[in-house]
Amino acid sequence: MTSCSRVSWIALLWLALLLNACAQTRDVVLPSRGDLPSASYPPRNGALDARESQMARTAWQYFENNYQPATGMVNAVDGYPSTTMWDTASYLGGLVAARELGIVDKRGFDERISTLLKTLNSMELFRGQMPNKAYNTVTAQKVNYANQPGEIGFSALDVGRLLIWLKIIEERYPEHGNAIDRFLLRWDFSRAIDACGMLYGATLGPDKQVQYVQEGRLGYQDYGASGYQLWGFSTCMASRPEPYALVPIYCVDVPYDSRDPRELSQHNYVVSESYVLDGLELGWARATDRAAGTRPVVQRDTWMANFARRIYQAQENRFLATGILTARSEHQVDGDPYFVYDTVYTDGFAWNTITEKGAYVPQYAAISTKAAVGMWALWNSAYTDRLAEAIWGQYVPGKGYYEGVLENGKGPIKVFTANNNGIILEALMFKVEGRLLRFNEAAPQMGNRQPSLWERTLTNPFDADNAARNRPRMIARGASSCRAGTGAFGVASCSLSCSDCPTCQDDAPFILPAYSQCH
Amino acid sequence: MPRRRPLYLAGLLAVSLSVLLSSGCGVIARAVVNGYESVSAGALTNPGRIGPLTDTEQIWAKAAWRYVVNNTQPATGLVNSVDRYPATTLWQIGDYLGALVAARELGLIDRIEFDHRLAKLLGFVSRMPLLDGDVPNKVYNTQSGVMVNYSNQPGAVGASAIDVGRLLVWLKITGQRYPEYAEYLDKVVLRLNVCGLVGVDGMLYGSRADGGHFAHYREGRLGNEQYASAGFNMWGVPVAGAAASPVQTVYVDGVSVYVDARDPRTSGAPNPVLSEPYLLLGMEFGWHDRALGNPPQPAGVPGVREQAQAVYLAQAARWRNEKVITARTDHQLGQPPYFLYDSIFANGYAWNTLGEDGKSYPALALVSTRAAFGMWVLWHTTYTSDLMRAIEALYDPERGWYEGRYEASGAYEETATLSTNAMVLESLLYKTHGRLAASEQRAGYFDARLSDRFAPAGRCLPANGAPSSESPQ
């Protein structure tokens, strides 16, 4: 970093003189010269080779082992009968990939999906609102963190990821659409999203009082909000990159959420996973971009693509500068503290590895397997070849892939999870098919598409639950009571233009910051 | 008695560029109006507000000196570090020397009082008890002169190379400006065994009492480390110091600011970016790497001038962007936790107000009087004019200048300290005389003593009195 400043200082001086000789001194942000190297790395595309097929089968083995036939759920961690909606979405990702890659046949796929949707349509929700944060995978009961019957709130981000995968499945396999819509129609969104499109989670205070708190930071928040958008919600506040700030890391200005983790209870971690998932599943496109959603390619000009490129480049540059292979994400560890945020940046420091409580635990820094495979799929480069070599062999036959490989040379993290193995399968499917969410344009109905049960319900003006449960406001195409743009799903979504939010504009321009001040 | 430096064309160009950059055209216009007086005070070669004191500024100087008068202890000749609190550190003895020189040159005291005070202080420093290895303790009681701990109870807590560095700077500057005392000032340095504070690696080491012995540790972070290193370098003790410190860049309000890259999570030592060391480096050394004894910077490493400029620009940018009047440095306060690193950036966060316990105290951030004075005199801009208007009333003519004004409320922090009042005097001295340290050195007792090969003065001191040269044997 230090080697970069002299030139910019000289330039700064001259710019200051030229622009502003008589005014106060001020800083001048220099325009970036050119793009990051990673801008020229294309995604990987093509059939799987023998080794990649083997990887897919190994990762799928996790889901065979941890499948609970009574509920259709899968354990989030090997052998421990508990799961979350995030991990359930990762399972759905793994299942769809296994189907598309020919590991699971149609009958096996339908049986698994149907059993799971039956459970989702009958399990209890948190306070009758949204899915609880955790469920017992054997009994489908709401549980607390100790997997004892109880309830602990709901997570906006877990729900957001689940919404993305339910949409992917509904578009790819419309035969399961009804059951999916029935599940969502059970939900009450009134505490989960507000008029400005901010996402909220629920937590239980010490006195068992429910608190609804804004949830999500840059990266995960925008990814989770995409799930809501796909079902017609306006998520203006959650989908904007602001508030963000930049930190220079190995000559890349890396964006992070500037809400202060010292004052607020959430860390502002920057990790690969949120950007990798957004790339694999949504191609870094805006969720409402229906044209992008019909093509297999990834977007390059959205802010999400731009930020993802920076997060990738900072990690490659760290390897070039230090020799440490880097693919950072949150991950499990073997034993206490069980879970760490292993980051590119968080809470003030680059390459910070912290526990949920914020303790610094650098000994758990690792090459995260899911991050490495995701980066391998999205950026075809010599660096990701090297990353892949580091993790191809990190599995146990018949069990699945390890969570990661410790940076300190002390070997693999011998933990197997649904999230890790599910994302590995997603990445392999991405190599074959490109962007995972593909809007179904096949049905020759109105607007090229048959409206779903969800959309029919939302546009039914006599359904009192639409308002009571804070479902997206939609009207049938052609009605004129609301100045709506063309909706994405064959109906007009008017939640944007009719929203009561004065403080956020979905289409306000966002000026991309320079990649770095040191070239 | 300021010395004129020859004006080299390149130097003139660089300086006037920096004047233009840091001050805008306003200073040029004013310099023309003030004409001869400013030029004679060094306006061509020194950035900032250069010129004779106005009547108001004379009152400011008197108030600051009043602190010193109130807090001088007749028994030792020392000055309390905090109003009516009888303890001091070596850093603050350096502050006092600076205040004393300023008071003399600003006409607040006559030659007789200057001599009385300096003689008293020299007498103390030549007698004061030292730790093993003849290095000074961090804290002394100003009434009894004994070594004390942080509670001002008799005891030894260890040595601080950073504090001694500030004293070394002012021992040298005082000798340069008043050669008649140079011999006695030199003897202080020979007595203190400054070598005990420099490791074999040429870095500054402090020590702390740890059971029955003293544990040594690398002391100082970017800023203070450079400042203290300059003090050692002035006496020919080659300290790599900040030149060897790893630097990283962070953005603070859109300005690239340079931070010590040593990790506070693993070292336990915070890495705050504070105004004070950069202001002292500016007023005393003009941010000249050569005057600081720094080796040439490797390409791409920001020099001290660049770092100081960033510290100023970031604070001005906060005023511009967030409309918060900002002048940050470490400060005292009259309530727990009593001392804060009120920083531009520290431990991962911009505008972190960091306690020694590592916690943030954002409600206790101050507009620091001494940071404001230093910025006001070194950068002649509308921002520093606004800044001065915010703090120009923060004194009691009977007590001296207060520590600052709370960002949160505008209320005063009425604690008065030696460091703040000395900085007020030093700033006003800079205004009238420009850069305080001379770049040429005149050989004196110190050099004569060092050239005596049969009575070696100390392993780290230069062998032939040639600053920074390698010993041939």
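FYI, it's all coordinate maths here, none of it is from the lab. These numbers come from a predicted model, not from an experiment. Neighbour counts run over all protein chains shown; Cβ positions are idealised from the backbone, glycine included.
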Inter-label distance for A:Gln363 and B:Arg265, nm, one decimal - labels placed 7 Å from Cα along Cα-to-Cβ: 1.5
Let me check against my output: what whole-number percent is the relative contact order of chain B, with C-alpha pairs under 8 Å and at least 6 apart? 19
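Taking the Cβ of B:Pro136 as the centre, find all other residues whose Cβ is under 10 Å away and add up their charges (Lys, Arg: +1; Asp, Glu: -1). Please report the intermediate quantities before stating the final value.
Values: positive: B:Lys138, B:Arg191; negative: B:Asp134, B:Asp163.
Around B:Pro136, the surrounding residues sum to 0.
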Rank these for me by crowding, A:Asp260, A:Asp385, going from fewest to most other beta carbons within 10 Å. A:Asp385, A:Asp260
Please go through the range B:350-426 and write out the GluC sites (Glu not before Pro) that DSSP classes as loop and that have at most 12 other C-beta atoms within 10 Å. B:Glu356, B:Glu398
With the crude spin-label approximation of a point 7 Å out along Cα→Cβ, what separation in nm comes out for A:Ala468 versus B:Arg111? 9.8
Beyond 26 Å, how much of the Cα-Cα pair distribution for the range B:327-443 remains, as a whole percent? 24
Mean shadow of the protein assembly as shown, computed from the convex hull of its alpha carbons, in nm²? 44.9
If neighbour count is taken as other Cβ atoms inside 10 Å, put A:Lys208, A:Lys431, A:Lys414, B:Lys431 in order from fewest to most. A:Lys208, A:Lys414, A:Lys431, B:Lys431
Would you mind checking the radius of gyration and Dmax of the range A:131-177 based on alpha-carbon positions, in Å? 13.2, 37
For B:Val252, what residues show an amide H to amide H distance below 5 Å, using hydrogens built from the backbone and excluding near sequence neighbours? B:Val257
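For a Förster distance of 25 Å, can you work out the FRET efficiency between the beta-carbons of A:Asn144 and A:Arg186, rounded to the nearest 0.05?
Details: r = 22 Å, r/R0 = 0.87.
For R0 = 25 Å, the calculated efficiency reads 0.70.
What is the projected area of the convex hull of the Cα atoms of chain B, averaged over all directions, in nm²?
On the way: hull surface 85.9 nm².
With every direction weighted equally, the projected area is 21.5 nm².
Can you tally the net charge around B:Leu197? Count Lys and Arg as +1, Asp and Glu as -1, for every other residue whose Cβ sits under 11 Å from the Cβ of B:Leu197.
Numbers: positive: none; negative: B:Asp134, B:Asp163, B:Glu219.
Residues near B:Leu197 contribute -3 overall.
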Whole angstrom only: what separates the Cα centroid of the range A:448-467 from the Cα centroid of the range B:378-413? 64
According to a simple spin-label model (label point 7 Å from Cα along Cα-to-Cβ), what is the distance in nm between A:Arg438 and B:Glu392? 7.3
Span from the the range A:54-75 Cα centroid across to the the range B:172-193 one, whole angstrom: 80
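What are the semi-axes of the equivalent ellipsoid of chain A, taken as the square roots of 5 times the eigenvalues of the Cα gyration tensor, listed largest first and rounded to whole Å?
Details: eigenvalues 243, 175, 105 Å².
After diagonalising the Cα gyration tensor, the semi-axes are 35, 30, 23 Å.
Among all stretches of chain A without exposed GluC sites (Glu not before Pro) (DSSP loop, at most 15 other Cβ atoms within 10 Å), which one is longest?
On the way: sites that count: A:Glu124, A:Glu263, A:Glu356, A:Glu441.
Formally, the longest exposed-site-free interval is A:125-262.
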Could you work out how far the C-alpha centroid of the range B:203-276 sits from that of the range A:207-234, in angstrom? 43
Hey, which of these cross-link pairs are over 27 Å Cα-Cα: A:Lys167/A:Lys399; A:Lys167/A:Lys414; B:Lys62/B:Lys431? A:Lys167/A:Lys399; A:Lys167/A:Lys414
What list do you get for A:Thr322, A:Thr137 if you sort them by fewest beta carbons within 10 Å? A:Thr322, A:Thr137
